[in-house]
Amino acid sequence: MKHILGNKDLDYFVGSVHFVDTFANGKHWNIDTSYELFNKGLKEIFRSDFRQAATRFYELTRQMIEEDKPDIVGHIDKIKMYNNKGKFFIETDKWYQDQVNLTIDTLKKKNCIVEINTRGYYKYQQTELYPSEWIIEKMRNAGIRLMINSDAHHSSEITKGMEFAAKRLKTLCVEKLWPCMTENGRIICLTMKGYFSEINMRSGGLEIPEFWSSIILRCYLLLVTYQLLLVAV
């Protein structure tokens, strides 16, 4: 990935896995489109073995972290997206926790910041964040840096779910966040109190400086480009 990005003057880039192996016709399986396509890929590529599919997802996530070391790693447990009411697995399953623990070890080794993603909350009315709270606690204990991101696909979504996420993080005893705060994209640390002050929580919702909008949307566009490039190569 780095040889593709070259010397582009980017504030930072977010890396995440959306494509997990390919169908017989060579088309990549995008796990983040629809329930129907998710089931199709699970059945045709992994013979309905969710454990195998999830293991592959985490293997690819670790490979991305090792080889490309993105500044921020996005929705590291995206594979759970359609696991409503434990349809495919239970998060306390040892095999699943082993995969998560291996990924956390890799994150710590490469010193990446991990995104707390709110899109499921505000877009699909899900009650959990990405990643799940038990994973957030493990990352907190491992000293991994965290940041909140709405995974905005439109400027109107940039701050959605941030208040919800920040309050949940406080209950998990997360004391610091690492957002990109400055106009040149420099990553700094904020205490939770400082985070709430900086984003100006008001009755009408969260408000952020205008330059944040530019930085976050540029990051989203880069993320899309990153995923397309992975398919191309």
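Of everything in region 12-48 that is in contact (Cβ under 8 Å) with a residue 60 or more places away in the chain and in a strand (DSSP E or B), the residue that is surrounded by the fewest Cβ atoms within 10 Å (Cβ to Cβ) is H28. Report, ordered by the first and then the second residue, all pairs with beta carbons closer than 7 Å, sequence separation of six or more or different chains, a first member in region 150-178 that is within 14 Å of T127 (Cα to Cα) and without any contact (Cβ under 8 Å) to a residue 24 or more places away in the chain, and a second member that is aliphatic (A, V, I, L, M) and part of a strand (DSSP E or B). Pairs found: none. Scanning region 100-125 for residues that are more than 21 Å from R56 (Cα to Cα), surrounded by fewer than 19 Cβ atoms within 10 Å (Cβ to Cβ) and of a type in the set (S, T, N, Q) turns up N111, Q125. Please specify each residue of region 118-160 satisfying the condition of being over 17 Å from K80 (Cβ atoms), at pLDDT 85 or above and not in a helix (DSSP H, G or I). Selection gives G143, I144, R145, L146, M147, I148, N149, S150, K160. Within region 74-94, which residues are surrounded by 22 or more Cβ atoms within 10 Å (Cβ to Cβ) and of a type in the set (D, E)? Hit for region 74-94 is D77, nothing else.
The values are calculated or read from the model by the stated rules, or taken from the named source; none is laboratory data. Everything numeric here is computed off the predicted structure, so don't read it as measured data. Using ideal geometry, Cβ is built from the backbone for each residue, glycine included, and neighbour counts are taken over all protein chains shown.
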